[in-house]
Amino acid sequence: SETGCLSIIVLGASGDLAKKKTFPALFNLYRQGFLQSNEVHIFGYARTKISDDELRNRIRGYLIQGSGSSDKQLEEVSKFLQLIKYISGSYDSGEGFQLLDKEISGYEFSKNTVEGSSRRLFYLALPPSVYPSVCKMIKNNCMNKSDLGGWTRIVVEKPFGKDLGSAEQLSAQIGELFDEPQIYRIDHYLGKELVQNLLVLRFANRFFLPLWNRDNIANVQIVFREDFGTEGRGGYFDEYGIIRDIIQNHLLQVFCLVAMEKPVSLKPEHIRDEKVKVLQSVVPIKDEEVVLGQYKGYRDDPTVPDNSNTPTFATVVLRVHNERWEGVPFILKAGKALNSRKAEIRIQFKDVPGDIFKCQKQGRNEFVIRLQPLEAMYMKLTVKQPGLEMSTVQSELDLSYGQRYQGVTIPEAYERLILDTIRGDQQHFVRRDELKAAWEIFTPLLHRIDDGEVKPLTYQLGSRGPAEADQLLERAGYVQTHGYIWIPPTL
Ligand code: BG6
């Protein structure tokens, strides 16, 4: 049942994730009418002993940031904050959770909108180390009273373990308490507009169907770049590194959507079945197809050990052993402290056979999907240089969202994903077998890095990363276009 009393419980309510992402996303949903104040109540839970108002005051600033500060907006913020109640308690003792249950039940009883039904969404904005105990507490104390209808769901965030073994252990612990349809593993890249568009693009357009294979595509790049380092998060980051932080989850999810076969239907299980299949078709990563980097100055962070071997940059080539992709390198690249901030998918096509324009061409056809910033997709193609001369030039067919969809607000990833959890749609969440298959790909390499057998190269802050990564790209067959840059249209 998707109607009736809805309680959203944010565990770890005073933490960073909750303040910066969870509450602002909930506020945006509220503001757009997706959370009606007569049927939703929000509970914050954490260890710190503070009052309702203290929690509200801690969150307020983050909501105003995103909404502006006109009188009407401030009033909306205040109304929303009134929906939040705070309960303090520990993460591993029954007492706090019994109190929480009492509060939730009290609210459900007082509402009694749709006959007795209760929906309880637990958002774990917490470190994974406490997931098992918190899940147990929820299971023992806070489940919806099922004979009255409704549901209990839990939402969790990465890191889901550190390697195959620890991830499987975590999955097993949670799996003993909750069934897969109750578990929502968030990968926020799946909530990004252009990531969600991939399925439509690939399977609703005749253009792409016959081209999307090894006969036409030379290589695929999936790139994430940030122009800042790990400032302030060195402690977390150093334990994980760029492969666990970005590549094994965010970029691999994008990879799945680019490489998977057409699902039987749009049912979430059908889509996730295809993702698992393509992950299982990835062959073991070769050492010579990996370049790791660590930016100069990374170890100066007081929370990072002086001898840290953790990569802040990585280029990894994935090879897919199936009929569609044999021989096509998928180059996954992610880095911190680089010269720009962007995320994009770059599909490069093969040369034209028997090309009569070959000697004057600037480059190959490329289809680029820019996830952020400035959402866009553009196709790089060769056209006649306008004018009297018969010469060619690289140009583009450009679908820039800012221009094509003026005035349309693109929702935040978290906003969409939380709405999906309320609606019970698991399409954009990671299934347990998918997670396992993802860890299987990277675990051997990660263990060798952890053991110090593979070492990152040093690169300059604000650079492109190690030069060796560009050499690897070239070896993998990527051909750079000369004398052309795409300039996003200005409004
Ligand atoms: C997070 C990583 O999952 O994603 C961060 O832990 C990274 O290191 C962030 O900065 C990037 O997300 P976005 O949406 O800003 O691209």
Residue list for the range 58-81, restricted to those being free of Cβ contacts under 8 Å to residues at least 40 places away in the same chain, within 17 Å of A18 (Cα to Cα) and more than 25 Å from the chain's Cα centre (by Cα): R60, L81
Single condition V220 does not satisfy, out of (1) open to solvent by less than 50 Å² (accessible area, probe 1.4 Å); (2) modelled with pLDDT of 95 or more; (3) away from the ligand (no atom under 16 Å from the Cβ); (4) more than 20 Å from I271 (Cβ to Cβ): (4)
Failed condition for R119, given (1) over 25 Å from the mean Cα position of the chain (by Cα); (2) modelled with pLDDT of 95 or more; (3) assigned to a strand (DSSP E or B): (2)
Of all residues in the range 60-70 being of a type outside the set (S, T, Y) and over 12 Å from Q82 (Cα atoms), the one that is most open to solvent (accessible area, probe 1.4 Å): Q65
Scope the range 373-384; condition open to solvent by 30 Å² or more (accessible area, probe 1.4 Å), touching a residue at least 12 places away in the same chain (Cβ under 8 Å) and not acidic (D, E); matching residues: P373, L374, M379, L381, T382, V383
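Among R214, R244, which is the only one that is open to solvent by 10 Å² or more (accessible area, probe 1.4 Å), touching a residue at least 40 places away in the same chain (Cβ under 8 Å) and under 30 Å from L419 (Cα atoms)?
R244
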The range 233-289: number of residues that are more than 11 Å from the ligand (Cβ to nearest atom), assigned to a loop (DSSP other than H, G, I, E, B), of a type outside the set (S, T, N, Q) and over 17 Å from I331 (Cβ atoms): 7
Residues satisfying the stated conditions in the range 194-245, i.e. among the small types (G, A, S) and on the phi < 0 side of the Ramachandran plot: A204, A218, G229, G234, G235
Residue satisfying all of: in the range 358-372; open to solvent by 20 Å² or more (accessible area, probe 1.4 Å) and within 16 Å of the ligand (Cβ to nearest atom); farthest from N213 (Cα to Cα) among these: Q372
Options G354, G407, G402, G387; residue that is farther than 23 Å from L473 by Cα and in contact (Cβ under 8 Å) with a residue 40 or more places away in the chain: G402
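Among E415, E396, E389, which is the only one that is within 16 Å of the ligand (Cβ to nearest atom) and not aliphatic (A, V, I, L, M)?
Result: E415 is the single residue among E415, E396, E389 that is within 16 Å of the ligand (Cβ to nearest atom) and not aliphatic (A, V, I, L, M).
Let's see how each residue does on (1) among the β-branched types (V, I, T); (2) open to solvent by less than 40 Å² (accessible area, probe 1.4 Å); (3) within 30 Å of E157 (Cβ to Cβ):
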| site | (1), (2), (3) |
| --- | --- |
| T421 | yes, yes, yes |
| E440 | no, no, yes |
| G465 | no, yes, yes |
| G483 | no, no, no |
Lone unmet requirement of (1) within 16 Å of the ligand (Cβ to nearest atom); (2) open to solvent by less than 10 Å² (accessible area, probe 1.4 Å) for T310: (2)
Conditions (1) open to solvent by 20 Å² or more (accessible area, probe 1.4 Å); (2) within 26 Å of F228 (Cα to Cα); (3) at pLDDT 95 or above: number failed by P488: (3)
L194 within 16 Å of the ligand (Cβ to nearest atom), touching an Asp or Glu at 6+ places or on another chain (Cβ under 6 Å) and at pLDDT 95 or above: yes
Hits in the range 135-179 - residues which are within 16 Å of the ligand (Cβ to nearest atom) and touching a strand residue (DSSP E or B) at 6+ places or on another chain (Cβ under 8 Å): V155, V156, E157, K158, F160
Out of K336, K380, K350, sole residue that is at pLDDT 95 or above and under 30 Å from F237 (Cβ atoms): K336
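The values are calculated or read from the model by the stated rules, or taken from the named source; none is laboratory data. None of the values given here were measured: they were computed from a predicted structure. Every residue, glycine as well, gets a Cβ built from its backbone with ideal geometry; the counts of neighbours run over all protein chains shown. Heavy atoms of the whole protein, side chains included, go into the accessibility calculation; ligands, DNA and RNA do not. Shrake-Rupley method; radii C 1.70, N 1.55, O 1.52, S 1.80 Å.
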